[in-house]
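A.B. asks: My questions all concern the structure below.
Every number here is computed from the coordinates shown, using simple stated rules; none is lab data. These numbers were taken from a predicted model, which means no experiment stands behind them. Using ideal geometry, Cβ is built from the backbone for each residue, glycine included, and neighbour counts are taken over all protein chains shown.
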Amino acid sequence: MAYKITEDCINCGACEPACPNQAISPGDERYEIDPEKCTECVGYYDEPQCASVCPSGACVPDPERQETKEELEAKFRRLKGN
């Protein structure tokens, strides 16, 4: 599933450069994750980098965007052009 950023976000910006898919950008109130680009770092890392660097724990799985590991791998390949 894609990750999302909750209202716990303190707008520190640590998550944006950590995302290998460039899925994170500043939003109106807090940083946002583009679910079409989020692969939970599948294809790059063993764990979502946004969550691992977030000091406030605001990067969490989005229960409204359930995806299997196979779907995340397919999204990774599509984003990379493979």
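A.B. asks: Residue farthest toward the positive end of the dipole of the chain, with Cβ of Lys/Arg at +1 and Asp/Glu at -1: which of Ala51, Cys19, Tyr3?
C.D. replies: Cys19
A.B. asks: I've got another one for you. Using label points projected 7 Å from each Cα along Cα→Cβ, tell me how many nm separate Arg78 and Glu64, to one decimal.
C.D. replies: For Arg78 paired with Glu64, the spin-label model returns 1.9 nm.
A.B. asks: To the nearest 10 degrees, how steep is helix 69-80 against the longest Cα principal axis of the chain, on a 0 to 90 scale?
C.D. replies: Helix 69-80 sits roughly 90 degrees off the main axis of the chain.
A.B. asks: Let me know the charge dipole size of the chain about its Cα centre in debye, to the nearest 20, where only the beta-carbon of Lys, Arg (+1) and Asp, Glu (-1) is charged.
C.D. replies: 340
A.B. asks: Among Glu64, Glu40, Glu16, which one shows the highest mean-square fluctuation when the chain is modelled as a Gaussian network with alpha-carbon springs under 10 Å?
C.D. replies: Per the Cα network of the chain with a 10 Å cutoff, Glu64 tops the list.
A.B. asks: Right, another one. For the chain, what does -39500 (n - 2.57) per DSSP helix run (n ≥ 4), summed and divided by total residues, give at 222 nm, in deg cm²/dmol to the nearest 500?
C.D. replies: Computed ellipticity for the chain at 222 nm equals -6500 deg cm²/dmol.
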